[in-house]
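Peer 1: Pasting a structure here, questions to come.
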Amino acid sequence: MKKILMLLLVAICVCQAVSAQEDAPLEKRGFDRSRLFGGGNFALNFGNITIINVSPQLGYRFSRYLAAGVGVNAQYSSFKTINAYDGATFSRENYGVGGVNVFGRFYPIEHIILQVQPEANYVWGKIKYYNPAEQLKLSGKIVPSLLLGAGGAIPMGGSGAFIAMAQYDILQSDRTPYGDKIFFNFGYNFGF
């Protein structure tokens with residue numbers, strides 16, 4: 001009797017496994033172009049603080065939970081400091097940033113993103129003082145950053161999504177382009 005029950009139990013398990021395989025979509029083996037996505041960040045701000053940022057990224061969705069990719073950073077920023085007493089411009093700082101990054105994303109639940117993004121950015125710039133007149137040129141140097149972030153992906157029809165994320169540079173290297181506070185990043189991802 002035990003052998004019959006065991007055989008029946010094995011038969012039920014095999015039937016369940018076959019049924020589950022029929023219901024599940026077939027996974028493609030190897031490279032699947034439909035898992036590629038592109039996107040990145042684009043920012044414009046003008047005034048006492050001017051920022052221009054064009055940072056495209058290309059990634060691959062390995063599974064429902066994991067994605068990774070590479071990107072390039074191109075940023076220009078200018079900060080004008082105004083004297084509080086007479087309203088005159090005290091100084092202007094101009095910085096350029098060019099670099100590369102890799103990123104890894106984990107999706108613990110659909111549309112929620114946890115991201116890690118190591119970067120190497122070449123940063124250069126100058127500071128111009130107006131009273132007294134003086135100009136300092138900052139030597140260019142490679143500045144490492146390690147961005148940790150969390151956010152969401154809001155589907156925008158088809159395979160596109162609007163990305164909103166809070167990030168922080170945990171390395172805080174001298175002249176990091178991200179400052180010492182949490183910053184918010186907005187972008188768009190589109191599928192190929």
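Peer 1: Could you list all residues from the stretch 158-180 that are in a loop (DSSP other than H, G, I, E, B) and under 18 Å from ASN121 (Cβ atoms)?
Peer 2: Matches in the stretch 158-180: ILE170, LEU171, GLN172, SER173, ASP174, ARG175, THR176, PRO177, TYR178, GLY179, ASP180.
Peer 1: Here is a list: VAL116, VAL97, VAL102, VAL70. Which entry is touching a Leu at 6+ places or on another chain (Cβ under 9 Å) and under 22 Å from ASP180 (Cα atoms)?
Peer 2: The unique qualifying residue is VAL116.
Peer 1: Got a sec? Which of TYR130, TYR188 is modelled with pLDDT under 95 and either farther than 26 Å from ARG35 by Cα or surrounded by fewer than 14 Cβ atoms within 10 Å (Cβ to Cβ) (or both)?
Peer 2: Sole residue among the options that is modelled with pLDDT under 95 and either farther than 26 Å from ARG35 by Cα or surrounded by fewer than 14 Cβ atoms within 10 Å (Cβ to Cβ) (or both): TYR130.
Peer 1: Confirm whether GLN135 is part of a strand (DSSP E or B), within 16 Å of the chain's Cα centre (by Cα) and either of a type in the set (S, T, N, Q) or surrounded by 13 or more Cβ atoms within 10 Å (Cβ to Cβ) (or both).
Peer 2: no
Peer 1: Does the stretch 153-174 contain at least one residue that is surrounded by fewer than 13 Cβ atoms within 10 Å (Cβ to Cβ) and touching a residue at least 40 places away in the same chain (Cβ under 8 Å)?
Peer 2: Yes, the stretch 153-174 contains a residue that is surrounded by fewer than 13 Cβ atoms within 10 Å (Cβ to Cβ) and touching a residue at least 40 places away in the same chain (Cβ under 8 Å).
Yes/no per residue for (1) more than 21 Å from ALA67 (Cβ to Cβ); (2) of a type outside the set (A, V, I, L, M):
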| site | (1), (2) |
| --- | --- |
| THR81 | yes, yes |
| ALA88 | yes, no |
| SER91 | yes, yes |
| ARG105 | no, yes |
| GLU110 | no, yes |
| ILE113 | no, no |
| PRO118 | no, yes |
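Peer 1: Going by the structure shown, is GLU93 among the charged types (D, E, K, R), modelled with pLDDT of 95 or more, surrounded by 14 or more Cβ atoms within 10 Å (Cβ to Cβ) and closer than 30 Å to LEU136 by Cβ?
Peer 2: It is false that GLU93 is among the charged types (D, E, K, R), modelled with pLDDT of 95 or more, surrounded by 14 or more Cβ atoms within 10 Å (Cβ to Cβ) and closer than 30 Å to LEU136 by Cβ.
Peer 1: Something else: Looking at the stretch 63-118 only, could you name the residues that are more than 18 Å from ALA133 (Cα to Cα), of a type in the set (D, E, K, R) and not in a loop (DSSP other than H, G, I, E, B)?
Peer 2: Residue satisfying the conditions is ARG105 alone.
The values are calculated or read from the model by the stated rules, or taken from the named source; none is laboratory data. This one's a predicted model, so the numbers in the text were calculated from it and none came from an experiment. We place every Cβ from the backbone using ideal geometry, glycine too, and count neighbours over all the protein chains shown.
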